[in-house]
Every structure is written in C-alpha cells, then in structure tokens.
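A short write-up of the structure that comes next.
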Amino acid sequence: MSENSPRRSAYSRLLDRAIRILAMRDHSEKELRRKLVAPVLTKNGPEPIDAPPEDVEKVVAWCLESHYLDDARFTRQFIASRSRKGYGPARIRQELNQKGISRSDIDQAMFECEIDWLQLAREQAQRKYGEPLPTAFAEKVKVQRFLLTRGYLMEDIQGIWRNFAD
C-alpha cells in the first residue's frame, strides 16, 4: 500500500458513513446522497470524498435493499414530527419537496396522516395569542399572518373563527 492510499476501500468508508448518518434519524434518499458526497470535516479542515459515483450508487442501493432508507417511512415520520412542532400542511409539503420527496408520495402521506389541521391551527393561535382569540379585524389579521407563516391553509385559518362556538 502506498502512503496516500487509505486502509479501507472507499465503498466500505461510504457504507460506514451512510449507516452512521441513518442511525441518527431517517433521511430521504436525496438527503443521504448529498451527505455522502459532502466533504468530511477534519482537524485540517474539510476534506473531499474520494469515492467514485458508482460506490455512492451501490451504498444507496444497499441501504434501500436493507430497508435502512425508505422515503415513505421518512415522509410519514417527518409529517408527524413537524406537525407536533406546530407547522401546517403547506410548510411541511414545501420542506418535503426540498428534501427530494415526490409530490405523489407527499400527497399519499398527507392523505394517510390523521392530523386535524384546523385543531392544530387553533391550538397554535391560542398558544400565541391566548384564549379567547381576538375578534377585532386588526388582531385577526395578525393571527392569520402568524398562521400563514407557520404553513396553515387559509381555509383552516378561517375555520377557526367560523367554528368559534366549538
């Protein structure tokens, strides 16, 4: 072995890296690919990955076959996690799209999730603005703007005041 050659093959280093990445949390396939080819931070600064693209493809294929990587599972968990943090469906869809999840997979997961977005929007508004929610126009606009930035749909936001008697 020459001085510059690593002790392990590029494939085995990539596989170890992929397993470490996926051990922390689920990732989408696009996220994993991006992280696998990203430079590694060392004491001497960032060092580029010297693995050929074929090795990256083999590692991703192995992760898919071994069920370590599953975009559908990732999508379901991501929706549940972000909704618990108070984000609405529009924001969650946008984030999933950025993570490389297809529109059809997002639609399917959103359809299957049993989240009451109207109730979540009401809870977020009450947490921020207190109970009872304001009824004056200027204050309602502030609540609506807040909920829109959190990713809730206008129909859910308007439903808060429509179903005020609930």
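The values are calculated or read from the model by the stated rules, or taken from the named source; none is laboratory data. Quantities reported herein were computed from a predicted structural model and do not represent experimental measurements. Glycine also receives a Cβ, built like all others from the backbone with ideal geometry; neighbour counts cover every protein chain displayed. SASA here: full protein model, heavy atoms, side chains in, ligands and nucleic acids out. Shrake-Rupley method; radii C 1.70, N 1.55, O 1.52, S 1.80 Å.
For a paramagnetic label modelled at 7 Å from the Cα of LYS85 toward its Cβ, which residues of the stretch 136-163 fall within the zone defined by backbone nitrogen distances under 16 Å? Those under the cut-off are 149-152.
The distance between label points at LYS30 and PHE146 comes to 3.2 nm (points 7 Å beyond Cα on the Cα→Cβ vector). 3J(HN,Hα) along the stretch 111-117, derived from phi through the Karplus expression 6.51 cos²θ - 1.76 cosθ + 1.60 where θ = phi - 60°, amounts to 5, 6, 5, 10, 10, 8, 5 Hz, with x in place of Gly and Pro.
Rounded to the nearest 0.05, the FRET efficiency derived from the C-beta distance between LEU133 and LEU22 at R0 = 35 Å is 0.25. Lysine pair count for the chain (Cα-Cα distance under 22 Å; residues 8 or more apart in sequence or on different chains): 11. Adding -39500 (n - 2.57) for every DSSP H run of four residues or longer, then dividing by how many residues the chain holds, sets the calculated 222 nm ellipticity at -19500 deg cm²/dmol. Close amide H partners of GLY88, meaning residues 5 or more places away or on another chain with modelled amide H under 5 Å apart, are GLY151, TYR152. With the convex hull drawn around the C-alpha atoms of the stretch 83-166, the volume per residue stands at 92 Å³. Charged side chains reduced to their Cβ positions (Lys and Arg at +1, Asp and Glu at -1) give the stretch 11-65 a dipole of some 280 debye around its Cα centre. Shown here for the stretch 91-132: GluC sites (Glu not before Pro) in loop regions (DSSP other than H, G, I, E, B) with at most 13 other Cβ atoms within 10 Å, namely GLU114. Scattering from the chain was approximated by placing one identical point on each alpha carbon and applying the Debye formula without solvent; log10 I(q)/I(0) at 0.20 1/Å stands at -1.19. Accessible area per residue was computed with a 1.4 Å probe on protein heavy atoms; ILE115 scores about 50 Å².
Each Lys and Arg contributes +1 and each Asp and Glu -1, all at the Cβ; summed about the Cα centre of the chain, the dipole is approximately 660 debye.
In order along the stretch 99-109, the phi-based Karplus estimate (6.51 cos²θ - 1.76 cosθ + 1.60, θ = phi - 60°) of 3J(HN,Hα) comes to 8, x, 7, 5, 4, 5, 5, 5, 4, 5, 5 Hz; Gly and Pro are listed as x. Largest first, the residues LEU120, LEU41, LEU148 sort by 1.4 Å accessible area into LEU41, LEU148, LEU120.
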